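The values are calculated or read from the model by the stated rules, or taken from the named source; none is laboratory data. What you see is a predicted model; the values in this text were computed from it and never measured. Ideal geometry is used to build each Cβ from the backbone, glycine not excepted, and the neighbour counts take in all protein chains shown.
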Amino acid sequence: MVLKTLVFMPKQKTILVTGGAGFIGSHLCKKLLELGNKVICIDNFFTGSRENIKDFLKNPNFSLIEHDVTEPIFVASLDQIYHLACPASPVHYQLNPIETVRTNVIGTANMLDLAKRAGARILQASTSEVYGNPLEHPQNESYWGNVNPIGIRSCYDEGKRVAETLFLDYHRKGGVDIRVVRIFNTYGPNMHKNDGRVVSNFIVQALKGEPLTIYGSGIHSRSFQYVDDLIEGMVKMMGNENGFIGPVNLGNPGEFTIRELAETVIRLIPESKSKITYRKLPDDDPERRRPDISLAKTKLGWEPKVPLDEGLKKTIEYFRRIV
Ligand code: NAD
Ligand code: UDP
């Protein structure tokens, strides 16, 4: 007798990724394609690059729409939207702060309108910046934050807070199927070499033999998450069918001072002759940041797996190829 094995393939989904040519977006597009989905990337290439998505352009399941999310758009037959479009590095979101607010507010409302019309589930890439300069440590999702509404980071922090408000209101009043993740500092390949955030700055500086620029005294802390861990958490959150909409923290609880990060990068690039130099601390720079990830563990069965050294080694290999 021949035993027949029935293999149940999940239905192919059509998934829109805004900001898909950026650092995180490009990893997400790759993962969603590997899972067998059709992926549509929307990007205006403000901080994203064609290089990040060039491998997908020949894939028949991938398509690109060059578009600014602050303009309305309709895409038919969508199952899911991951909404990532927004510059994430302080250097870039502060270049044109009014545009950053417009992207976070008008762009997010446009994507929620699209989700409503298309009947698609939509996930917001929110941020640990909603906690501002936190008075509670570590930060869990019930903490409302300590944010300056009129500072140089407000275009991003307050923009992202309003975006969360819009998500919850479209859910409560409009019945939109939402998910909200709060992402903590994430790093990895595909970061732009001039991105301006600390991990890419330090690696590029160390590879070029230039001094590593610590802003302030180096005692400020961050918790650094490798991008593969984040992508796994985002896909789990989008796919969960247990009614959990978030917000949920996605981050690595391993907390390091910026000085420790600089020393680690120098140690992992043994040929580097770089020293450390100190620069003025930018206004409103949060002093410390560490996620409480109990909720993600309980609701999603998720926790990060990649330790800092291992993630940095992979990121250094990437920058060796492009610097
Ligand atoms: P990134 O700057 O590399 O990517 C952002 C992408 O959005 C780019 O491709 C950019 O061109 C695109 N974009 C910006 N404004 C747009 C607009 N108006 N219309 C269309 N496209 C636009 O940044 P990233 O690190 O990949 O971050 C992606 C998302 O994740 C952002 O929403 C960011 O706020 C969020 N996030 C990232 C981190 C992190 O540590 N990387 C932490 C918290 C939250
Ligand atoms: N930082 C630094 N040197 C740099 C870039 C950043 O010391 O070249 C510091 C920055 O002041 C902050 C931390 O590193 O305290 C993280 O900065 P990043 O821009 O990566 O992320 P965010 O401040 O948005 O968490």
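Can you spot a residue in the stretch 44-54 that is closer than 28 Å to G196 by Cα and away from ligand 1 (no atom under 13 Å from the Cβ)? Before you say what the answer is, go through the steps one by one.
Going through the stretch 44-54, the residues closer than 28 Å to G196 by Cα turn out to be 44-54.
Checking the rest, the ones that are also away from ligand 1 (no atom under 13 Å from the Cβ) come to 54.
Yes, there is a match, as at least one residue in the stretch 44-54 is closer than 28 Å to G196 by Cα and away from ligand 1 (no atom under 13 Å from the Cβ).
Do we have any residue at all in the stretch 62-79 that's more than 10 Å from ligand 1 (Cβ to nearest atom), of a type in the set (S, T, Y) and under 20 Å from T14 (Cα atoms)? Checked against the condition, which is being more than 10 Å from ligand 1 (Cβ to nearest atom), of a type in the set (S, T, Y) and under 20 Å from T14 (Cα atoms), the stretch 62-79 yields at least one hit.
Does the stretch 227-243 contain at least one residue that is more than 27 Å from A120 (Cβ to Cβ), surrounded by 15 or more Cβ atoms within 10 Å (Cβ to Cβ) and of a type outside the set (V, I, T)? No: zero hits.
Look at T127 and say whether it is closer than 18 Å to T70 by Cα, hydroxyl-bearing (S, T, Y) and either touching a residue at least 40 places away in the same chain (Cβ under 8 Å) or near ligand 1 (Cβ under 10 Å from one of its atoms) (or both). In short, no. Is it the case that some residue within the stretch 30-43 is on the phi > 0 side of the Ramachandran plot, in contact (Cβ under 8 Å) with a residue 24 or more places away in the chain, surrounded by fewer than 21 Cβ atoms within 10 Å (Cβ to Cβ) and not polar (S, T, N, Q)? Yes, the stretch 30-43 contains at least one residue that is on the phi > 0 side of the Ramachandran plot, in contact (Cβ under 8 Å) with a residue 24 or more places away in the chain, surrounded by fewer than 21 Cβ atoms within 10 Å (Cβ to Cβ) and not polar (S, T, N, Q). Considered as a group, the residues in the stretch 169-188 that are more than 12 Å from ligand 1 (Cβ to nearest atom) and under 23 Å from P291 (Cα atoms) include one that is farthest from the chain's Cα centre (by Cα), and that residue is I178. Remark: pairs (first residue in the stretch 190-204, near ligand 1 (Cβ under 8 Å from one of its atoms); second residue at pLDDT 95 or above and in a loop (DSSP other than H, G, I, E, B); Cβ separation under 6 Å; 6+ apart in sequence or on different chains) = D195/S89; R197/S89. Applying the criterion of being in a loop (DSSP other than H, G, I, E, B), modelled with pLDDT of 95 or more and of a type in the set (A, V, I, L, M, F, W, C) to the residues of the stretch 1-55, the residue that is nearest to the chain's Cα centre (by Cα) is A21.
If you check L212, L250, which single one turns out to be closer than 28 Å to G19 by Cα and within 15 Å of ligand 2 (Cβ to nearest atom)?
Values: L212 fails: closer than 28 Å to G19 by Cα.
One residue alone meets the criteria, L250.
Here R161, R172, R222 are screened, and the one residue that is within 14 Å of ligand 2 (Cβ to nearest atom) and not in a loop (DSSP other than H, G, I, E, B) is R222.
Cβ-Cβ distances below 6 Å connect the following pairs, each with a first residue in the stretch 239-254 that is under 10 Å from I183 (Cα atoms), a second residue that is among the hydroxyl-bearing types (S, T, Y), and a separation of six or more residues or different chains: G251/S223; N252/S223.
Per the listing I269, I219, the residue uniquely more than 30 Å from D177 (Cα to Cα), crowded, with 18+ Cβ neighbours inside 10 Å and of a type in the set (V, I, T) is I269.
The listed residues are K116, K160, and the only one of them that is at pLDDT 95 or above, within 11 Å of ligand 1 (Cβ to nearest atom) and among the charged types (D, E, K, R) turns out to be K160.
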